[in-house]
Amino acid sequence: MFNLIKEKKQSDDNLLDSLDKNNIPLHIAIIMDGNGRWAKKRNLPRTMGHKAGVETIREIVKVCSNIGVKYLTLYAFSTENWKRPADEVNALMNLLVEYLRREVQELDKNNVVINWIGDIAKLPAICQEELLRAKEKTKDNTGLVLNLALNYGSRDEIIRAIKKIAIDVRDGKLKTEDINEELINGYLDTAGMPDPDLMIRPSGELRISNFLLWQIAYSELWFSNIFWPDFNKNELLKAILEYQKRDRRFGGVK
């Protein structure tokens, strides 16, 4: 057992040493997928998969913070997830509250800022209260910004942004000729943040699932067959190393 732990540490250290410290993604977005299938594979309730997935969040946040990632956006609950069985939705909401209450002290101590994207007004009141409390507690930190995407869907986000722009045009605050990419960015939930450099999806699915459709126009995409509860430091570092090998031209020519 000791040898296995030692070998894993050496593997992690080797990957870490291979990173180009001057080319760390500024913003990483992750679709946390595969919790239910992870549980089913072990003959466990789906809720156990979600609990295991929360443990993965702790490790990934720590790694991102340590290597200098500035923004980490985690797809935690989509606008489509309300279609799931009520007991699973309730379990996810309870897990959110439990995570915030349990982790906020440690996150604050490690200089992490807690934020969210999505329409949280539709979440249970206790979830909203804990999110607001966590954001207030960590607002003055200067390290990693942890964005939790909650009741988030990219199409919903874009519709909400369009409505706000339309109201401002109607009220004379904007002219239609003012509308450009920069202005639209300022009306999105991610206003003031850089677009993701790297988007990761574990679990073997090869789709975006209504996640940051505007923002990932030029993000590098990385897919893994590993379910989210088994996604670890090693997998994250492999994704970043692959990102560092890619030639990002943004439509131009070098």
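Where a number appears in this text, it was derived from the coordinates with a stated rule and is not lab data. Keep in mind that what you see is a predicted model, and the values were worked out from it rather than measured. Glycine gets a Cβ as well: all are built from the backbone with ideal geometry, and neighbour counts include every protein chain shown.
Convex hull volume of the C-alpha atoms in the chain, normalised per residue: 153 Å³. Note on region 78-188: Rg/Rh from C-alpha atoms, Kirkwood Rh, equals 1.06. 3J(HN,Hα) along region 83-98, derived from phi through the Karplus expression 6.51 cos²θ - 1.76 cosθ + 1.60 where θ = phi - 60°, amounts to 6, 6, x, 4, 5, 6, 4, 4, 5, 5, 5, 5, 5, 4, 4, 4 Hz, with x in place of Gly and Pro.
Exposure proxy for Thr138, Thr56, Thr176: other Cβ atoms within 10 Å of each Cβ, ordered fewest to most, give Thr176, Thr138, Thr56. Under a 5 Å amide H cut-off, with hydrogens placed 1.01 Å from N, Leu221 pairs with Met199 among residues at least 5 apart or on other chains. GNM on the chain, alpha-carbon springs under 10 angstrom: the most fluctuating residue among Ala239, Ala217, Ala149 is Ala217. Structure remark: mean-square fluctuation, Gaussian network model of the chain, C-alpha springs under 10 Å; the largest value among Ser203, Ser154, Ser18 belongs to Ser18.
The alpha-carbon atoms of region 143-202 define a convex hull whose volume equals 121 cubic angstrom per residue.
Here the residues Lys233, Lys238, ranked from fewest to most Cβ neighbours within 10 Å of their Cβ, fall in the order Lys238, Lys233.
Between the beta carbons of Asn232 and Ala166, assuming R0 = 41 Å, the FRET efficiency works out to 0.35 to the nearest 0.05.
Each of Leu16, Leu241, Leu236, Leu92 was scored by other Cβ atoms within 10 Å of its Cβ. Listed from fewest to most, they are Leu241, Leu16, Leu92, Leu236. Rounded to the nearest whole Hz, the Karplus-based 3J(HN,Hα) values (6.51 cos²θ - 1.76 cosθ + 1.60, θ = phi - 60°) of region 246-251 follow the sequence 7, 9, 8, 10, 6, x, with x at glycine and proline. Using a simple spin-label model with pseudo-atoms 7 Å out from Cα toward Cβ, Asn111 and Arg42 lie 3.4 nm apart.
Any idea what the relative contact order of region 116-236 is, in percent, if you count C-alpha pairs under 8 Å spaced at least 6 apart? Computed over region 116-236, the figure is 24 percent. Counting only DSSP H runs of at least 4 residues, each contributing -39500 (n - 2.57), and dividing by the residue count of the chain, the helix-based mean residue ellipticity at 222 nm comes to -15500 deg cm²/dmol. Rounded to whole numbers, the Karplus 3J(HN,Hα) couplings from phi for region 164-174 are 5, 5, 4, 5, 5, 5, 4, 7, x, 7, 9 Hz, using 6.51 cos²θ - 1.76 cosθ + 1.60 with θ = phi - 60°, and x at Gly and Pro. Less than 17 Å from a label point 7 Å out along the Cα-to-Cβ axis of Asp20: which backbone N atoms in region 65-84 qualify, by residue? Those under the cut-off are 68-69. With contacts taken as Cα pairs under 8 Å and at least 6 residues apart, the chain reaches a relative contact order of 28 percent. Between the amide H of Ile117 and those of Leu148, Ala149, Leu150, distances stay under 5 Å, these residues lying 5 or more places away or on another chain, with hydrogens modeled in the peptide plane.
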